[in-house]
Every structure is written in structure tokens, then in C-alpha cells.
């Protein structure tokens with residue numbers, strides 16, 4: 001089913017020069033605009049002195065990077081253009097396909113900023129992440145499962161950091177109350 005969905009999406013490549021141009025841009029360049037947007041959002045958060053939340057965003061990105069590296073090390077799935085006849089719209093080195101680094105970064109940025117900083121960014125950042133992932137399938141360099149695994153890594157990393165932060169703050173609050181009670 002993974003290949004069939006890939007073949008359906010990638011089968012549209014090469015039919016419209018306009019759509020191909022949008023896909024090339026989205027698959028290869030949009031991630032840099034997302035990074036710039038995320039940096040501006042983080043600068044704004046820093047000016048608001050949201051340092052703890054910024055640390056959580058950084059921790060989420062680090063955990064997602066480690067998880068993606070581990071999954072890539074365990075995966076043996078080659079890129080679509082290495083094993084099938086595809087319409088490859090952007091150049092890419094051969095190698096392991098899963099997970100998509102671009103999609104992992106995009107989904108993790110969307111999730112971390114939305115959960116830890118500003119919920120209002122959830123929809124626009126997620127739309128960009130989905131577009132980047134879809135464009136990489138359309139461009140012939142990733143399978144749909146590579147994008148799905150990237151989204152799962154982002155969700156798991158965000159959930160792990162949010163849960164850890166919640167438990168830490170709950171425990172710190174309990175310790176503060178215990179210490180205050182003992183001081184009486």
C-alpha cells in the first residue's frame with residue numbers, strides 16, 4: 001500500500017510545470033522559510049521571557065533528532081528513486097529513506113511551537129509541515145510512510161517532553177508545599 005500511494009502521488013509529477021515548480025520549492029526550500037519563521041517566533045518568545053518554554057522546544061527538537069537518527073539506523077528502506085522508476089523532481093543522495101529529515105524537522109517545529117509557545121501557530125505550521133512532506137513524496141524522494149513516521153516521531157517527542165515537564169512541575173510544586181509546611 002505504501003508503494004501504491006507513492007505511485008499515485010508521484011504519478012502526477014511531470015504533468016504540470018507549474019505544479020512541479022511548486023513541489024520543487026516546497027520539497028527543497030520551504031523548510032528554510034519554516035526555520036526562519038520558527039526563529040522569529042522563538043525570538044518573540046525570548047523577548048517575552050518564556051525561557052522555560054523555549055528550553056522545552058529545544059529539548060523536543062533534540063529528542064526528535066535522536067529518535068529520527070535511531071529509526072534511520074534501523075531502517076533498510078531505500079529511497080523510491082533507487083528501487084523504482086519514478087519522476088524525481090529534485091536531486092537527492094541515495095540512501096535510507098525513513099524517516100524524512102525535512103518532515104521530521106517540520107512536524108517537530110510545528111508541534112513544539114504549538115504546544116509549548118503559541119497555540120495560534122498550530123494550524124499554519126502543521127499545514128506547512130504536511131505540504132513539505134507531501135511535496136517530498138510528489139518529488140520522488142520519499143515514501144508516504146517516511147512522512148508518517150516523521151510525524152509520529154514529532155508527536156512522540158513533543159508528548160514525552162510535555163509529560164516530563166508536567167511531572168517535573170507537579171513534583172516541584174509538591175516539594176515546595178512540603179518545604180513550606182515544614183518551615184512553619
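None of the figures in this text is laboratory data; all of them are computed from the coordinates on show. Everything quoted here is computed from the prediction, not taken from an experiment. Here the Cβ is made from the backbone with ideal geometry for all residues, glycine too, and neighbour counts use every protein chain on show.
Data table
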quantity: Label-point gap, in nm, between residue 1 and residue 24 - each point 7 angstrom along Cα→Cβ; calculated: 3.4 nm
quantity: Acute angle (nearest 10 degrees) that the helix 17-28 long axis makes with the longest principal axis of the chain, alpha-carbon atoms; calculated: 40 degrees
quantity: Sorted peptide list for 99-107, 26-34, 80-88, criterion being average Cβ within 10 angstrom, highest first; calculated: 99-107, 26-34, 80-88
quantity: Rounded tilt (10° steps) of 51-74 against the dominant C-alpha axis of the chain; calculated: 40 degrees
quantity: Share of alpha-carbon pairs per 5 Å distance bin for the range 121-170, given as whole %; calculated: 4, 19, 19, 21, 15, 10, 7, 4, 2, 0
quantity: Fewest-first sequence of 143, 3 by Cβ atoms within 10 Å of each Cβ; calculated: 3, 143
quantity: Residue among 133, 58, 173 with the largest mean-square fluctuation in a Gaussian network model of the chain, springs linking Cα atoms under 10 Å; calculated: 173
quantity: Kirkwood hydrodynamic radius of the range 75-184, from inverse mean 1/r over distinct Cα pairs, in Å; calculated: 16.1 Å
quantity: Rg over Rh, two decimals, the range 2-176 (C-alpha only, Kirkwood Rh); calculated: 1.04
quantity: Linear extension gain, residue 172 paired with residue 96, 0.36 nm per residue minus alpha-carbon span; calculated: 23.1 nm
quantity: Helix-only mean residue ellipticity at 222 nm for the chain, each DSSP H run of n ≥ 4 adding -39500 (n - 2.57), per residue, nearest 500; calculated: -24500 deg cm²/dmol
quantity: Percentage relative contact order, the range 2-176, counting C-alpha pairs under 8 Å, at least six apart; calculated: 32 percent
quantity: Over the range 1-97 - Rg/Rh using Cα atoms and the Kirkwood inverse-distance radius; calculated: 1.09
